[in-house]
Amino acid sequence: MLNDHHLQGRRDAILGILNGAVVRRQSELTQLLRRRGFAVTQSSVSRDLRELGVLKASGRYLAPPAETAHANGSFGALAQFVRSARPAGAALTVVRTSTGAAQSVAVALDKAAWPEVVGTISGDDTIFIATTGGRAQQRLLARLREHFGI
């Protein structure tokens with residue numbers, strides 16, 4: 001098992017690569033990491049991209065906003081990919097995003113750790129957000145409108 005220092009170094013390298021170059025495929029990113037001395041597999045790169053909240057849009061991978069942005073409640077560059085949010089019953093909210101953006105938005109929401117959110121499930125362009133009930137759902141919808149301008 002990798003130690004935390006090596007894992008963080010690899011993830012920092014991924015963000016550095018994505019901020020400095022256009023990367024369209026995981027195989028490209030895997031090769032770039034290997035050139036930097038990281039022993040990576042396609043599955044480890046895929047897991048890192050998911051954990052980092054990397055977004056794939058317009059045919060390329062985009063680094064997420066800085067972690068501090070999520071901690072402060074700002075979703076920065078992700079807001080442009082959120083299209084709508086609407087209730088589906090008293091405890092389920094459906095968020096629609098641009099194609100390919102749902103997972104990155106869901107990771108950002110999970111990292112925000114809003115108390116009314118019980119959990120999220122994301123697909124390609126849809127996120128299901130569970131809350132504890134109607135009041136929590138209303139607080140969630142208000143936050144989504146505030147942070148994503150929907």
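Here are the criteria: (1) farther than 18 Å from Leu15 by Cβ; (2) surrounded by 12 or more Cβ atoms within 10 Å (Cβ to Cβ). Tell me which single one Ser104 does not satisfy.
Condition (1) is where Ser104 drops out.
Filter segment 1-43 down to the residues that are hydrophobic (A, V, I, L, M, F, W, C) and surrounded by fewer than 11 Cβ atoms within 10 Å (Cβ to Cβ), then identify the one that is modelled with the highest pLDDT. Walk me through it before giving the result.
Of segment 1-43, the ones hydrophobic (A, V, I, L, M, F, W, C) are 1-2, 7, 13-15, 17-18, 21-23, 29, 32-33, 38-40.
With surrounded by fewer than 11 Cβ atoms within 10 Å (Cβ to Cβ) added as a condition, the list becomes 1, 39.
Values: Met1: 45, Ala39: 91.
Filtering first and then ranking leaves Ala39.
Could you tell me which numbered condition Gly133 fails, if it satisfies all but one of (1) crowded, with 19+ Cβ neighbours inside 10 Å; (2) at pLDDT 90 or above; (3) of a type outside the set (Phe, Trp, Tyr)?
Looking at each condition in turn, Gly133 falls short on (1).
Look through segment 73-86, keep the residues that are at pLDDT 90 or above and surrounded by 16 or more Cβ atoms within 10 Å (Cβ to Cβ), and return whichever of them is nearest to Pro115 (Cα to Cα). Spell out how you get there, then give the answer.
Restricting attention to segment 73-86, the residues satisfying the condition of being at pLDDT 90 or above are 82-86.
After this cut, where a residue has to be surrounded by 16 or more Cβ atoms within 10 Å (Cβ to Cβ) as well, the list is 82, 85.
Details: Val82: 21, Ala85: 18 Å.
Across segment 73-86, the extreme among qualifying residues is Ala85.
Determine which single condition Glu146 fails, assuming it passes every other condition in (1) over 15 Å from the mean Cα position of the chain (by Cα); (2) surrounded by 16 or more Cβ atoms within 10 Å (Cβ to Cβ).
(2)
Could you please find all residues in segment 13-57 being charged (D, E, K, R) and either touching a Gly at 6+ places or on another chain (Cβ under 7 Å) or more than 25 Å from Gln80 (Cβ to Cβ) (or both)? Even if it seems obvious, please write down each step before you answer.
So the first thing to find is which residues in segment 13-57 are charged (D, E, K, R), and the list is 24-25, 28, 34-36, 47-48, 50-51, 56.
Answer for segment 13-57, where residues must be charged (D, E, K, R) and either touching a Gly at 6+ places or on another chain (Cβ under 7 Å) or more than 25 Å from Gln80 (Cβ to Cβ) (or both): Arg24, Arg34, Arg35, Arg36, Arg47, Lys56.
Quick one: Ser104 ticks every box in (1) modelled with pLDDT of 90 or more; (2) under 30 Å from Gly134 (Cβ atoms) except a single one, so which number is it?
Condition (1) is where Ser104 drops out.
Going by the conditions given, is Ser46 closer than 30 Å to Gln8 by Cβ and not basic (Lys, Arg)?
Values: closer than 30 Å to Gln8 by Cβ: yes; not basic (Lys, Arg): yes.
Yes; evaluated as a whole, the condition is true for this residue.
The values are calculated or read from the model by the stated rules, or taken from the named source; none is laboratory data. Since this is a predicted model, take the numbers as computed values, not measurements. Virtual Cβ from ideal backbone geometry, glycine too; neighbours counted across all protein chains shown.
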